[in-house]
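Structure first, then comments.
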Amino acid sequence: MRVAIGGRRLALVTAVAAVGAAGLLWLGVGVGAGAGVGVGRPEAKAPRGAAARATIAVDPAAPGRLVPAGFLGLSLEYWASEAYAGTDPQAINPVLVALVRNLVPGGSPVLRIGGVTTDKAWWPVAGMTRPPGVSISIDRRWLAVTRALAQLLGARLILGVNLEADSTKLAAAEARALLAGVGRARVEALELGNEPELYSTFTWYTSGGRRVTGRPRDYGFDAFTRDFAQIAGALPPAPVAGPASGAWTWFSRVGGMIAAVPRLGMVTVHRYPLQACYLTPQAPMYPTVGRLLSLTASRTEADSVIPALRVAHADHIPLRIDEMNTISCGSAPGISDTFAMALWALDALFADVEAGVDGVNIHTYPGATYQLFTFTHERSSWQAFVEPEYYGLLMFVQAAPRGSRLLEVTGANGAIRAWATRAPDGRIRVVLINDGTVRPQVVAVRVGRNAHGAATLERLEAPGVWATRGVTLAGQSFGPQTRTGLLAGASREPAVSPVAGTYLVRLPAASAAMLTL
């Protein structure tokens, strides 16, 4: 279970916590600085002071949500498959393979391939003219590369199928090619379309300088459901996924889609807390570090999918946030690829587990505002620069190994957020996040009534919240370039002994740490 220490909790968040399987929260008195939501950098506005103090308690006897197997995966655009993996199915990028394996140790990752390019792609159909909105042709080499990557990883794939072209013939041919080329056993689901709520407003193609949308202006959820059901019925046998929507107003209507599409095997939604398109810096969703580190960006985003979750789970259908990251569109100077993204990812993933989400796919592609890594390829050698956000994903994976359950956490106000898990081997891990960008915090952690024995402490740190380099996890890093995809350097996990049953941890501003008992 979570404890959010700092900021006003929304009524929805409170209600969900009160009825959740993990139990109740109590909030005490605190003096934390908080992250703030201003456009400027808080360091320039607030004086640095002595460390604040907070106390949290973990109840090992109050297990909550199970962390689902294959919870964390990645989402790629169609063209990014070869950009990341290479164009030779016999020589797949080994650094990419290692970086993906890091996020699912000993398990099978779920890779989603689609995004905005879902409705820009097709498998060329004999006798059919390429639709004007299509700019990507899937070919045999792409299929061979994707198949080889999936086999190396033991991955299951969610593959996007074009819905915006509004053609059962096109969709069926594409689906047949994907199933045959990648291998039916590797396909978790075929996802029809991408963010169809935007079909009536976003340009699908231009003709004579005129913008042409994929659907008429009055296109809504009911019309989409009819389209989806018709085209899904023409696909070869395989589970289908949808609505692949980022509109929270559609989430509560998923029940109608489930009733209309018997083959629906997975409900998929998208979540981004911030976006820069069409917004001024004063808008609540415009990207700043303070807004990214606010409760709204992680906790409220997770809670927004609960209406769809309830309906899907009532019909025994899993729900994945199969496209998620920080900023949905537009550039974000001063926040792109910063350490703030790592802290957001760590908190947001735990919030999604607590909400009951069955899995999350973090979206990435070369050049994205939120890309996770950048590869270079010279002859037969691959190298990667690993972005700060990836380190946050890695700490989440270490804190929530396969079969873990969330534990109830109670705590005090301040800038600290805390999560705890218990693994099948009985180990308890407590994650502490100081999302304040100014003040350090001293956190007193009590685990049960009589904590005893030394714990180990692992830190997630960077030179500052705006840092784009120099991130370390337990003192290790991927450095400015990695040829292995593995953390390098000496691991630093000092022992922390309890004093009167309490573990004391000092957290610098904008950092995280994990106690393992």
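The values are calculated or read from the model by the stated rules, or taken from the named source; none is laboratory data. Given the structure is predicted, the values throughout are model-derived calculations rather than measurements. For neighbour counting, all protein chains shown are included, and Cβ atoms are generated from backbone atoms with ideal geometry for every residue, glycine included.
Select from the stretch 360-401 the residues that are over 16 Å from the mean Cα position of the chain (by Cα) and polar (S, T, N, Q) and write down the one among them that is surrounded by the fewest Cβ atoms within 10 Å (Cβ to Cβ). Top of the filtered list is Ser380. Taking the stretch 338-413 and the strands (runs of 3 or more DSSP E) fully enclosed by it, the elements with 2 or more residues that are more than 27 Å from Ile56 (Cβ to Cβ) and not basic (Lys, Arg) are at 359-364, 373-378, 381-386.
Only one of the listed residues (Ile335, Ile327) is aliphatic (A, V, I, L, M), within 14 Å of the chain's Cα centre (by Cα) and more than 25 Å from Ser404 (Cα to Cα). That residue is Ile327.
Residue-wise test of (1) in contact (Cβ under 8 Å) with a residue 24 or more places away in the chain; (2) farther than 30 Å from Leu99 by Cβ; (3) among the hydroxyl-bearing types (Ser, Thr, Tyr); (4) part of a loop (DSSP other than H, G, I, E, B).
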{"residue": "Leu157", "(1), (2), (3), (4)": "yes, no, no, no"}
{"residue": "Glu164", "(1), (2), (3), (4)": "yes, yes, no, yes"}
{"residue": "Glu174", "(1), (2), (3), (4)": "yes, no, no, no"}
{"residue": "Gly181", "(1), (2), (3), (4)": "yes, no, no, no"}
{"residue": "Glu191", "(1), (2), (3), (4)": "yes, no, no, no"}
{"residue": "Thr201", "(1), (2), (3), (4)": "no, yes, yes, yes"}
{"residue": "Val212", "(1), (2), (3), (4)": "yes, yes, no, no"}
{"residue": "Asp222", "(1), (2), (3), (4)": "yes, yes, no, no"}
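On inspection, Pro216 fails the criterion of being in contact (Cβ under 8 Å) with a residue 40 or more places away in the chain and part of a loop (DSSP other than H, G, I, E, B). Looking only at residues of the stretch 402-420 that are of a type in the set (S, T, N, Q) and under 25 Å from Ala509 (Cβ atoms), we find that the one that is surrounded by the most Cβ atoms within 10 Å (Cβ to Cβ) is Thr410.
Kindly provide the set of residues from the stretch 360-388 that are free of Cβ contacts under 8 Å to residues at least 24 places away in the same chain, more than 15 Å from Gly330 (Cα to Cα) and of a type outside the set (Ser, Thr, Tyr), ordered by number. Once the filter is applied, which keeps residues that are free of Cβ contacts under 8 Å to residues at least 24 places away in the same chain, more than 15 Å from Gly330 (Cα to Cα) and of a type outside the set (Ser, Thr, Tyr), the stretch 360-388 yields Glu378, Arg379. Of all residues in the stretch 428-472, those being among the β-branched types (Val, Ile, Thr), surrounded by 17 or more Cβ atoms within 10 Å (Cβ to Cβ) and assigned to a loop (DSSP other than H, G, I, E, B) number 4. Screening Thr146 on (1) in a loop (DSSP other than H, G, I, E, B); (2) at pLDDT 95 or above; (3) not acidic (Asp, Glu) shows it passes everything except condition (1). Yes or no: the stretch 203-214 includes at least one residue that is crowded, with 21+ Cβ neighbours inside 10 Å, in contact with a Pro (Cβ under 9 Å, 6 or more places away or on another chain) and either in the same structural domain as Glu323 (by TED's automatic domain parsing) or of a type in the set (Ser, Thr, Tyr) (or both). Yes; the residues of the stretch 203-214 include at least one that is crowded, with 21+ Cβ neighbours inside 10 Å, in contact with a Pro (Cβ under 9 Å, 6 or more places away or on another chain) and either in the same structural domain as Glu323 (by TED's automatic domain parsing) or of a type in the set (Ser, Thr, Tyr) (or both). Checking each residue in the stretch 296-338 for being of a type in the set (A, V, I, L, M, F, W, C) and in contact with a Pro (Cβ under 6 Å, 6 or more places away or on another chain) picks out Ala297, Ile327, Ala332, Ile335. Entry remark, the stretch 132-159: residues being touching a Phe, Trp or Tyr at 6+ places or on another chain (Cβ under 7 Å) and under 23 Å from Ala229 (Cα atoms) number 2 in total. Exactly one residue out of Val95, Val104, Val100 is in a helix (DSSP H, G or I), among the aliphatic types (A, V, I, L, M) and under 22 Å from Ala185 (Cα atoms): that is Val100. Every listed requirement among (1) free of Cβ contacts under 8 Å to residues at least 12 places away in the same chain; (2) in contact with a helix residue (DSSP H, G or I) (Cβ under 7 Å, 6 or more places away or on another chain) is met by Asp425 save one, (2). Out of curiosity, is Pro237 modelled with pLDDT of 95 or more and either surrounded by fewer than 18 Cβ atoms within 10 Å (Cβ to Cβ) or in a loop (DSSP other than H, G, I, E, B) (or both)? Answer is no for this residue. Taking the stretch 333-347 as the search range and keeping residues that are under 10 Å from Val289 (Cβ atoms) and aliphatic (A, V, I, L, M), which one is surrounded by the fewest Cβ atoms within 10 Å (Cβ to Cβ)? The residue in question is Ile335. Only a single criterion out of (1) surrounded by fewer than 17 Cβ atoms within 10 Å (Cβ to Cβ); (2) outside any loop (DSSP other than H, G, I, E, B) is not satisfied by Thr117, namely (1).
Taking His316 and the conditions (1) over 17 Å from Ile362 (Cα atoms); (2) at pLDDT below 95; (3) assigned to a loop (DSSP other than H, G, I, E, B), which numbered condition does it fall short on, given that it satisfies the others? Among (1) over 17 Å from Ile362 (Cα atoms); (2) at pLDDT below 95; (3) assigned to a loop (DSSP other than H, G, I, E, B), the lone unmet condition for His316 is (2). Yes or no: Ala283 outside any loop (DSSP other than H, G, I, E, B) and either among the basic types (Lys, Arg) or in the same structural domain as Val360 (by TED's automatic domain parsing) (or both)? No; evaluated as a whole, the condition is false for this residue.
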